[in-house]
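First up is the structure itself, then whatever we jot down about it.
Please treat every number below as a calculation from the coordinates, not as lab data. All values reported here derive from a predicted model rather than from experimental measurement. Here Cβ is always computed from backbone atoms with ideal geometry, including for glycine, and neighbour counts include all displayed protein chains.
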Amino acid sequence: MISIKHIFSSAILFAAIIFASCSKDQVNNEPKTDSINKTTRQLMNFRQDLFSKNGGSMATDSAEWYLEGLLNFEQANNTHEFAQLQFLYDTLAWPESNGEITMENLQQLYANVNQIAQSMALQNGSPDYTFDIIDLQVIETGLKSGETAVKVTLAGGLLIPTPIYMQFDPTDFWKSGHLLGKCDIYYGQFIGRDATTELEHHFKGLYTYPSYFVSINTAYAYFIDNEADDNPFGYYMMWVENSNHSNHCLCPEEMNYYLSKWEFIKNKYKPEGKTFCSVDVIYDILYSSYPIRCHTYGISYGVNIGSNPN
């Protein structure tokens with residue numbers, strides 16, 4: 001897992017406003033078919049309302065759903081077959097009043113999230129960079145009574161044309177984290193990757209048609225909640241370091257063991273009526289009486305909407 005964190009000040013970047021203006025010019029770049037599904041049509045109508053001059057406001061719950069859905073329709077409408085995902089987490093102000101947020105403020109949030117997405121793509125440098133999911137979650141900040149913010153999660157990368165749900169091969173000896181590459185006789189190879197990026201790569205499901213997600217939420221799977229009695233490398237369905245700190249080089253058999261438990265874990269946390277979207281395999285440190293290094297899975301689920309991405 002590659003993670004980048006940005007902290008945005010309350011002042012809005014001028015570039016974000018320019019990007020929003022460009023987005024308004026692109027409103028007509030949408031499917032022309034009469035068979036557009038109901039959800040996509042709702043989002044297209046919302047986009048039209050968002051940039052109208054009528055003003056008004058929306059209830060926070062509805063606004064969160066529509067804004068997240070529109071961003072995914074526009075930015076993450078693809079086959080979701082990624083070689084390696086990059087995750088970015090941010091928090092932006094959500095200026096609501098009495099449970100309502102104005103369309104003007106939604107326009108600014110739309111511009112801000114698009115600016116973050118644009119920055120990710122520019123940092124990568126590839127013209128083919130695109131997104132898997134954009135997840136929005138409105139939360140109370142705890143700083144002032146009733147003050148709210150929106151947690152933003154973006155997962156992006158490069159699409160690949162071949163299936164990625166496959167077994168690990170005999171050369172797959174990987175360091176447990178810190179992007180330290182391979183280990184054992186392959187030590188020093190593929191720096192910038194590790195067991196988290198490779199498990200993430202193999203965990204990703206396949207979608208054979210373009211689609212996007214709405215109503216996204218993320219659950220976290222911790223090793224302590226997933227015990228196992230059949231793991232020859234430990235006591236859990238997920239990797240955790242042993243008491244001697246000697247198991248930070250994961251062999252192909254161990255990687256395949258965790259792969260074999262993925263379907264169980266994925267389904268264990270799946271909300272009713274939603275499907276798997278994406279997964280962030282995190283090299284984590286949990287604290288009890290002493291720090292424990294382990295893998296934690298951030299698993300995102302949503303409602304999958306098939307759509308023409310053009």
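Points worth noting:
- Here the peptides 176-185, 248-257, 285-294 are ranked by packing, the mean other Cβ count within 10 Å, and the order with the highest first is 248-257, 176-185, 285-294.
- Over 20 Å between alpha carbons, listed pairs Lys53/Lys151; Lys204/Lys261; Lys38/Lys274; Lys151/Lys268: Lys53/Lys151; Lys151/Lys268
- Most positive-pole-ward Cα, Gly298, Pro210, Asn256, against dipole of region 174-306 from beta carbon charges: Pro210
- More than 25 angstrom apart: percent of Cα pairs within region 174-306: 29
- Around the amide H of Ile160, modelled in the peptide plane, lie the amide H atoms of Glu81, Phe82, Ala83, all under 5 Å away and 5 or more residues distant in sequence or on another chain.
- Counted by neighbouring Cβ atoms within 10 Å, the residues Asp128, Asp284 run from fewest to most as Asp128, Asp284.
- C-alpha center-to-center spacing [region 92-161, region 211-271] in angstrom: 28
- Ascending count of other beta-carbon atoms within 10 Å, so fewest first, for Glu104, Glu198: Glu104, Glu198
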